[in-house]
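First up is the structure itself, then whatever we jot down about it.
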Amino acid sequence: MIAKRRPLCSVVAWAFIAAAALGTLPEAALGWSSGHAAITQGAVAALPSWEREWLGEEGSRLASEYCYIPDLVYSKPEIRPYAMLPSRPKNFYLVELHLPPDAPQGYELLRHFLGQAVEKLRAGDVADGSRFLGTLVHTLEDWGCPAHSVPGDNMFTLMRQFVPPPEGSDYRYVPMHGPMESAQFTVDLGSYQPRLLGSSVDEAAFHLLGRVQEAIVFARSQVIPIMQALYADDQPAATAAQQKAGVFVGRVVADALHTALSLARQQFDDDAVRPLREVDLSSRMPLEATNLAWPQSAFFSKPYWGHPTVGVVLKDGKKPTAIRMQIPDCEWARGPINDAIAVGTPTTLTYLIPPGVYDRLEVWAGLHAELGLAGDVIFEIRGNDGKVLVQKKIEGKEPAQLLVVPLAEEERIQLVTRPASRDASANYAIWARPRLLKSSD
Ligand SMILES: [Zn+2]
């Protein structure tokens, strides 16, 4: 839940916990507040038994109490240190712990609270470690909540213009944030096995950001179903849609808890670490896709009006077409290439990279094997502060080229295309198999 200025949701959440403890929970007091407990409980239940045993009683408190910490900072000053940033010592209510901030800020928040939890757990302080985990899971749960997923429209006044309430409906006037997250549901992750997201805090925060971005996008798909269910007074349908989002983000929370405990123990399964050796950058959201969607300012104009697409190229801007490239003697390049980004000229794609985690970036650059034969493109990879790390001019008749740049301390990587001549009408440019790779030794 989110409170701004007035600690309304804190009071509601605290009343909820107190009532729950006394067994006197009134139906009317339930909100996404109960969702936090349900999601955290579901995630804790999915952890391996040794992790649940390690958390012990604190694991129960995590799911009933600590997962509310960021909502309770007004009424309980003693818990504020668990939900604050050292860089903002005067700010004890951080709205970013409730509403998704931009990706760099999101990464820093996840890194901080995950790091604090790991440090405390590693030192044997399970109680404090669990409190920091409480802030971490609250943040993930709020970001992945449908009621928090429409940028800049937390009370759904804009969404109600797109999806108007029926004549006579109370929702013409009642702010919709509360009702959108008010369902009572349980979260059962079934046989879900939580994933290890990194063998260092920086790496884990980077992957956790990617996972929670998937949850935010999923939460958005539930917004209109919930609104329509509320208009129709169909509470079971509203509950079902909220529960779907709860289960989705519950898996992310389980990953976060499993990763924190693995990092604290500093023991990693070979099978869990192996997939972390490389990252498919085409599956990540570039920073230009603000709010995880493409703004019109990031559209390119040649050879068609559109935005970068993964797995297909838009022929003439209209027809999704398989990606093919000329790469002689290459097995994977024989069929359509799915892990590739199709762009035009000019474009810039910026990716956040955790510094010091990866050894290098490898990517194939070239033009589409059929559509781009008459094209002529300058491909450029840039690092911190726009510094050019590599530049190649490639013509459509030439084969694609493998570009490799060392990542060292890069915190940003940009994949840039520019037209190499005046005629950009065949500049169907492709970044294929962009990979962040760890050193192989
Ligand atoms: Zn909240």
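Listing for the model above:
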| read-out | value |
| --- | --- |
| Number of positions in segment 119-151 that are surrounded by 22 or more Cβ atoms within 10 Å (Cβ to Cβ), within 14 Å of SER60 (Cα to Cα) and not polar (S, T, N, Q) | 5 |
| Residues located in segment 42-70, provided they are assigned to a helix (DSSP H, G or I), under 21 Å from the mean Cα position of the chain (by Cα) and not β-branched (Val, Ile, Thr) | GLY42, ALA43, CYS67, TYR68, PRO70 |
| Count of residues meeting criterion [touching a strand residue (DSSP E or B) at 6+ places or on another chain (Cβ under 8 Å) and over 15 Å from LEU367 (Cβ atoms)] in segment 310-337 | 7 |
| Set PHE206, PHE185, PHE156: member being crowded, with 16+ Cβ neighbours inside 10 Å and under 15 Å from the mean Cα position of the chain (by Cα) | PHE206 |
| Every residue from segment 83-103 that is surrounded by 18 or more Cβ atoms within 10 Å (Cβ to Cβ), more than 14 Å from the ligand (Cβ to nearest atom) and either part of a loop (DSSP other than H, G, I, E, B) or not aliphatic (A, V, I, L, M) (or both) | MET84 |
| Number of positions in segment 352-363 that are over 16 Å from VAL404 (Cβ atoms) and either β-branched (Val, Ile, Thr) or part of a strand (DSSP E or B) (or both) | 2 |
| Among the residues listed as ALA37, ALA46, ALA63, the single one being within 14 Å of the ligand (Cβ to nearest atom) and at pLDDT 95 or above | ALA37 |
| Qualifying helices (runs of 4 or more DSSP H) (wholly inside segment 184-277; at least 1 residues being among the aromatic types (Phe, Trp, Tyr) and within 30 Å of ARG360 (Cβ to Cβ)) | 201-221 |
| Close pairs (7 angstrom Cβ cut-off, 6 or more residues apart or separate chains): in the same structural domain as LEU196 (by TED's automatic domain parsing) and farther than 14 Å from VAL247 by Cβ in segment 209-230, part of a helix (DSSP H, G or I) and aromatic (Phe, Trp, Tyr) anywhere | LEU209/TYR107; VAL212/TRP143; ILE216/TRP143; LEU230/TYR171 |
| Helices (runs of 4 or more DSSP H) fully within segment 114-182 counting 3 or more residues that are touching a Phe, Trp or Tyr at 6+ places or on another chain (Cβ under 8 Å) | 126-143, 177-180 |
| Pairs where the first residue, in segment 51-74, is not assigned by TED's automatic domain parsing to the domain that holds ARG195 and the second is modelled with pLDDT under 95 and within 16 Å of the ligand (Cβ to nearest atom), C-beta under 7 Å, 6+ apart | none |
| Boolean, SER149 is within 28 Å of GLN41 (Cβ to Cβ), at pLDDT 95 or above and more than 16 Å from the ligand (Cβ to nearest atom) | no |
| Criterion (modelled with pLDDT of 95 or more and either within 16 Å of the ligand (Cβ to nearest atom) or surrounded by 19 or more Cβ atoms within 10 Å (Cβ to Cβ) (or both)) met by exactly one of PHE162, PHE113 | PHE113 |
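The values are calculated or read from the model by the stated rules, or taken from the named source; none is laboratory data. What you are looking at is a predicted structure, and each value in this text was computed from that prediction instead of being measured. Cβ sites come from the backbone with ideal geometry, for glycine too, and all protein chains shown count toward neighbours.
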